[in-house]
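Structure, as structure tokens:
The values are calculated or read from the model by the stated rules, or taken from the named source; none is laboratory data. As the structure is a prediction and not an experimental result, all values here were calculated from the model. Because the Cβ atoms are built from the backbone with ideal geometry, glycine has one as well, and the counts that use them run over all protein chains shown.
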Amino acid sequence: MQRTHSLLVHAALLIWLGIHPEFGFSQALDARTEQQVIEDSLFILAHYEKRKVQIPMRDGVKLFTSVYSPKDKSQKYPIMLNRTPYSVRPYGAGCQTVLGPSMMFAKEKFIFVYQDVRGCFMSEGEFVNMRPQISNLSRNVGKKKSKKDIDESTDTFDTIAWLVKNIPNSNGKVGMWGISYPGFYTAVGTIDAHPALVAASPQAPIADWFWDDFYHHGAFFLPHAFNFFATFGLPRPQPTTERHPRFDHGTPDGYRFFLEEIGPLKNADEKYFKGRVAFWNEITEHPNYDEFWQARNLLPHLKNIKPAVMIVGGWFDAEDLYGPLKIYRKIEQSSPGAFNILVMGPWRHGGWARDDGSSLGNVFFGNSPPPSQFYQESIEFPFFMYYLKGRGQLNLPEAYVFETGVNQWRTFSVWPPKEVASDTLYLHENSGLSFTPPTISSNAFDEFISDPAKPVPFTETITTSMTVEYMTDDQRFAGRRPDVLVYQSDVLPENVTLAGPIMANLWISTTAGDADWVVKLIDVYPDDHPNFPHNPEHIKIGGYQQMVRSEVFRGRFRNSYEKPEPFVPNEIAKINFELLDVLHTFKKGHRIMMQIQSTWFPLVGRNPQKYVDNIFKAIAEDFIKATHRVYHSAEHRSHLHVGVVR
């Protein structure tokens, strides 16, 4: 009876603190025990007071904002701002269970501000996904305001202007941070920034949804988009504290659900959304990189950046790997005088705040200290302390990058590193792969039959979602299928370290009018490789084929993302596409592998292979078998262009 009473009190405390079972823990909680959550929350209750305000924007719309200020009023504190579309819950008397990027910030004492962005939860106004930036705005609040002249940069500016004027005990300095969508709001906040914004850390930020999250080179990431918009995309007609429930697939088997229950993508709205998810219908009307997507591209607007910027990403971020790398590179190009640094670790999406980073799936990255702890204590906290409190020495390099394979942090004065030499991994006959070009003069090729009715699965896990660990999964299950081509190097006599972006250059042909091309770069472990400390007994790491980098390209976009065109059946064509950056060492005794396939289901929505103008409107009869060829002769050298650290 006493234990039952204790559990009820425990549950009541969790709910009062805002950790309602419906919501689950917030973004920084996964690595903590419930006891740690309660202890941290009680610390916050003891040392902070919460205030709820409605901050007016220049067009009169008010944004709901929660402010957590230290109870100690003997000194002034900098402000840490987080803008989110995902709710600043709890809205009542309860408190956040973490303040700031980690509890180090709460214990150091800052003023923490969380804001529902325009049109979300308790904020007024209309929400627009990846709201387009308005060019040539006068964002200075002292100038004439137009009700039309608003975007997320102006909302950030107006929020900061209000905060530094109206929050007691502010020292006048503001820092911003956020992960994923809040990372986008952090990045956009640096554009024509308020002078008080001195430091910003966009973490896993979205840059352009045609390459982040939902599309990859025109190929549609189906479960990620479907599951996201099935909940997040539902309308919110008026301010509310309530969240929409998660979509119920009716089965744990996403492969079957998306193949049989939905079938062609046109059925998603007809059978499930029924017109309620407006952005889904906008997506389906814009399958190409047209003005709709171009207007949502943040990169062209990242100019004349004044705040110090620290961009953070994960090598195995299944959602937003493109954003961190491209935003960092764009600021380097457009704002050469800005303090702009890059941090890339061995993490899943937001893993630096959500777990200790010592492992992902079956792969181990080390725990002395765990990568997330090192990042929080030695990189993130010193960055904000220096700029917001003027304490400590800022000894951070241009790029703090984790080298997977040998599992160590590396520092570089520029990214990609100067030490990188351009090299090429060529496909060969008999499933060979090497840095030596092929010499065979005939049109040597390998071929496979791609059947949209029996697509290659992207994982062995039974799931309805895009798994967080798929980017490190063992690929042996895929390489054994007849519709997956496998190319492998000899056993490496010495370490081979690849750094920077990877480009796939394939000579291909198909009997159909369209095809997707999936390229996977894989680290093949020796057969006698011991298990890692965290591996369960049934997992065998000997012979493990760890995916290091992968990407998909929708062939119709080989000449233009704006103006797709069909293949000429059986005509040899060239496709080139980027696989994004790596820093990975293939160790001595390992092998380097490439796998090439045409389906990756349900991670990527099926290409019918019969050319249709809009795949979202394809019907069942459009899905046809096709024979695809990949060429590897002296004339048609299919290869990966890589950077090798010498």
From N535, N559, N576, residue being surrounded by fewer than 19 Cβ atoms within 10 Å (Cβ to Cβ), in a loop (DSSP other than H, G, I, E, B), of a type outside the set (S, T, Y) and in contact (Cβ under 8 Å) with a residue 60 or more places away in the chain: N535
Taking the range 412-435 and keeping only residues that are of a type in the set (A, V, I, L, M, F, W, C) and farther than 13 Å from D446 by Cβ, one is left with F412, V414, W415, V420, A421, L425, F435
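With respect to R329, determine if the residue is at negative phi and either outside any loop (DSSP other than H, G, I, E, B) or among the polar types (S, T, N, Q) (or both).
Numbers: at negative phi: yes; either outside any loop (DSSP other than H, G, I, E, B) or among the polar types (S, T, N, Q) (or both): yes.
In short, yes.
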What number of residues within the range 503-532 satisfy the criterion of being in a strand (DSSP E or B) and among the polar types (S, T, N, Q)? 3
Residues in the range 579-622 that are assigned to a loop (DSSP other than H, G, I, E, B), touching an Asp or Glu at 6+ places or on another chain (Cβ under 9 Å) and of a type in the set (D, E, K, R): how many? 4
If we scan the range 19-30, do we find a residue that is exposed (fewer than 13 other Cβ atoms within 10 Å of the Cβ), modelled with pLDDT under 60 and among the small types (G, A, S)? yes
Give me the residue from the range 345-386 that is aliphatic (A, V, I, L, M) and not in a helix (DSSP H, G or I) and, out of that set, surrounded by the fewest Cβ atoms within 10 Å (Cβ to Cβ). L360
The one condition D158 fails out of (1) closer than 30 Å to L396 by Cα; (2) in the same structural domain as M344 (by TED's automatic domain parsing); (3) surrounded by 22 or more Cβ atoms within 10 Å (Cβ to Cβ) is (1)
Single residue of F64, F43 found to be in a strand (DSSP E or B) and among the hydrophobic types (A, V, I, L, M, F, W, C): F64
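What tally of residues in the range 162-200 results from selecting those that are assigned to a strand (DSSP E or B) and under 17 Å from N304 (Cα atoms)?
Result for the range 162-200: 4.
Residue check: is R118 at pLDDT 95 or above, surrounded by 22 or more Cβ atoms within 10 Å (Cβ to Cβ) and assigned to a loop (DSSP other than H, G, I, E, B)? Step through it out loud before you land on a result.
Values: at pLDDT 95 or above: yes; surrounded by 22 or more Cβ atoms within 10 Å (Cβ to Cβ): yes; assigned to a loop (DSSP other than H, G, I, E, B): yes.
Yes: the conditions hold for R118.
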